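**Q** Provided herewith is a single structure, encoded as structure tokens, for subsequent inquiry.
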Amino acid sequence: MTLARAAAKPWSALGAFFAMSLDTFVAMVKPPFAWREYVLQSWFVARVSVVPALMLTMPYSVLLVFTFNILLTEFGAADFSGTGAAVGTVNQIGPIVTVLVVSGAGATAMCADLGARTIRDEIDALRVMGINPIQALVVPRVLAATTVALALSATVILVGLTGAFFFTVYVQHVSPGAFVAGLTLLTGPGDVIVSLVKATLFGMAAGLIACYKGISVGGGPAGVGNAVNETVVFTFMVLFAINVIVTAVGIQFTVQ
Amino acid sequence: MTLAVPSKQFQRVRRTAARTLTAWRRIGTQAEFYGKTLMSIPDALVNYRTEVWRLIAQMGLGAGALAVVGGTVAIVGFLTVTTGALVAVQGYNQLASVGFEALTGFASAFFNVRLIVPGTTSVALSATVGAGATAQIGAMRINEEIDALEVIGIRSITYLTSTRVIAGTIVVIPLYCVAVMMAFLAARLGTTVIYGQGSGVYDHYFNTFLNPTDLIWSFFQVVAITVVIMLVHTYYGFTASGGPAGVGEAVGRAVRTSMVIAAVEIVFISLAVYGQSGNFDLAG
């Protein structure tokens, strides 16, 4: 009996997650919408994410163009370094850095905040007052994570390309005109749209997982710490999986 | 009786100076903590060997809900499968668009080793082993268990952080092997089974361009990153404050910081190793 219950536990957690997600999507289109909480949360997620995102983009895009240029120099095709930088940054580094930051910075903070409220019974207090916590807390947070992820991925791509430009031109001595001309050789509007779609999906998934983990915390301070840890792990796993699938689907439309 | 005190001069300047000083002091305390942790490693190896063994077992398998999904090994394996598959998805199609799809095996041997595996492993370690350490130590700090350790005469830094740095460095060795194998496997299966390239073509270019020295450097890169990740995560756990929410915030801050530091470290090691010659020869 206990064995069966232990085996059923992860599945019931998965079911509860989907139930909460469904509630969230229904509550999204049902008035009243918590505008004030939405604006505050968006500002909060943006504030904790922007600096780490920029700090993380720079090294990764520099590493990408550095590794790629070793290859291109060997072929004698260093003029195409802009092409490599654009393919790597727009298609992969942009969305992946957004994932890492939205789940590492935004989702952890959200989960810690909701988790602390849950173990102080504040969520139950809301229910007693007749306020639906999904509508008042979860919906604005999920939408805030989605909005900020979308905005962040655009910023990350721009900063990544700028960093790649300076590194390639000033450190690896490629002519700037050739770099800029190569940017759009393989990367078109289709790639940018797929990249933005990815970022939107990432933001929504990260927000849902963080809120679910936050409102289902149990077991005191150690529980909140573990919930945040699990949030990071699960969001990374889900988001990396989404990344591969959306890339595989999107590439059918963007590559001729 | 209250005294009328005139407000101090140059308040703004004073405030800025105080803030800069606090930031400097924080860097100093952090460096001191890292120094102490690293210096206590021999002590931990001599006196707290059982704790090191216990932590190795725990980090490899994960605790709580993470053990349910297969522990750290499975999580690292899963993440590198998804990023290795990107070589097949993105690399094969992108190369096919310029008529070079035969070189996907080469892309797997080159980018997986130098770029994808160190990057993904560092992220996965900071999320699993690192964040777990912050959560554990942070909860101990909030419950005043660390003070209790000091009272009963156990050196808390040695017992809690040096042991974790050692355990993390040992655990990462099999983890790195799993990560590399999974990345290669995902790239190969994706290219040959899903996109239908001949496996002979793939294997030929893969074996021709797989450079063993690159693999060894990539391994040392990951070990060096692990030490830094463990140091950062244990520091944030050790200095957690502010109740249950404080532990959660500390975990978030630690993940942010260690990801940025790991990325910078990967770049610097790569520049140091491949910066001069590139260590790459197309002619084989």
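The numbers here are math on the coordinates, done by the rules we state, and not lab data. Note that the coordinates shown come from a computational prediction; the quantities given were computed from them, not determined experimentally. For neighbour counting, all protein chains shown are included, and Cβ atoms are generated from backbone atoms with ideal geometry for every residue, glycine included.
Every residue, every condition in (1) surrounded by fewer than 13 Cβ atoms within 10 Å (Cβ to Cβ); (2) assigned to a helix (DSSP H, G or I); (3) of a type in the set (Phe, Trp, Tyr), yes or no:
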{"site": "B:Thr191", "(1), (2), (3)": "no, yes, no"}
{"site": "B:Gly196", "(1), (2), (3)": "yes, no, no"}
{"site": "B:Gly200", "(1), (2), (3)": "yes, yes, no"}
{"site": "B:Asp203", "(1), (2), (3)": "no, yes, no"}
{"site": "B:Asn207", "(1), (2), (3)": "yes, yes, no"}
{"site": "B:Asp214", "(1), (2), (3)": "no, yes, no"}
{"site": "B:Trp217", "(1), (2), (3)": "no, yes, yes"}
{"site": "B:Val223", "(1), (2), (3)": "no, yes, no"}
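**Q** If you don't mind, another one. Hey, any hits in the range A:91-99 for a residue that's over 25 Å from B:Gly91 (Cα atoms) and assigned to a helix (DSSP H, G or I)? Working first, answer last.
**A** Quick first cut of the range A:91-99, residues over 25 Å from B:Gly91 (Cα atoms) only: none.
Scanning the range A:91-99, I find no residue that is over 25 Å from B:Gly91 (Cα atoms) and assigned to a helix (DSSP H, G or I), so the answer is no.
**Q** Among (1) within 13 Å of the chain's Cα centre (by Cα); (2) of a type outside the set (Asp, Glu); (3) farther than 20 Å from B:Thr121 by Cβ, which single condition is B:Leu175 missing?
**A** B:Leu175 satisfies every listed condition except (3).
**Q** Further, regarding this structure: Considering every residue within the range A:232-253, establish whether at least one is surrounded by fewer than 20 Cβ atoms within 10 Å (Cβ to Cβ) and over 30 Å from B:Ala124 (Cα atoms).
**A** yes
**Q** Here's another thing I want to ask about it. Could you check the range A:41-64 and list, in sequence order, the residues that are in contact (Cβ under 8 Å) with a residue 24 or more places away in the chain and more than 11 Å from every other protein chain (Cβ to nearest Cβ)?
**A** Residues of the range A:41-64 that are in contact (Cβ under 8 Å) with a residue 24 or more places away in the chain, as a first pass: A:41-42, A:44-46, A:48-50, A:52-54, A:56-58, A:60-62, A:64.
Result: A:Gln41, A:Ser42, A:Phe44, A:Val45, A:Ala46, A:Val50.
**Q** Out of B:Val73, B:Val117, I need the residue that is touching a residue at least 60 places away in the same chain (Cβ under 8 Å), crowded, with 23+ Cβ neighbours inside 10 Å and in a helix (DSSP H, G or I). Which one? Reasoning before the result, please.
**A** Working: B:Val73 fails: crowded, with 23+ Cβ neighbours inside 10 Å.
Only one candidate qualifies: B:Val117.
**Q** Just one of (1) β-branched (Val, Ile, Thr); (2) within 12 Å of chain B (Cβ to nearest Cβ); (3) farther than 30 Å from B:Gly77 by Cα trips up A:Val180, so point out which.
**A** The failed condition is (2).
**Q** Now a separate question. May I ask you to list the residues in the range A:66-85 that are more than 11 Å from every other protein chain (Cβ to nearest Cβ) and closer than 22 Å to A:Phe240 by Cα?
**A** A:Ala85
**Q** Applying the selection to the range A:124-172, what residues are among the polar types (S, T, N, Q), in contact (Cβ under 8 Å) with a residue 60 or more places away in the chain and assigned to a helix (DSSP H, G or I)?
**A** Matches in the range A:124-172: A:Gln135, A:Thr146, A:Thr147, A:Thr155, A:Thr168.
**Q** Same structure again: Which condition number does B:Ala179 fail, the rest of (1) facing chain A (nearest Cβ under 9 Å); (2) buried (at least 21 other Cβ atoms within 10 Å of the Cβ) being met?
**A** (1)
**Q** What number goes with the only condition from (1) exposed (fewer than 13 other Cβ atoms within 10 Å of the Cβ); (2) within 21 Å of the chain's Cα centre (by Cα); (3) among the hydrophobic types (A, V, I, L, M, F, W, C) that A:Leu54 does not pass?
**A** Condition not satisfied by A:Leu54: (1).
**Q** Continuing with this model, one more query. Considering only the range B:234-280, state which residues are within 7 Å of chain A (Cβ to nearest Cβ) and touching a residue at least 40 places away in the same chain (Cβ under 8 Å).
**A** B:Gly243, B:Pro244, B:Val247, B:Val251, B:Val255, B:Met259, B:Ala263, B:Ile266, B:Ser270, B:Tyr274, B:Phe280
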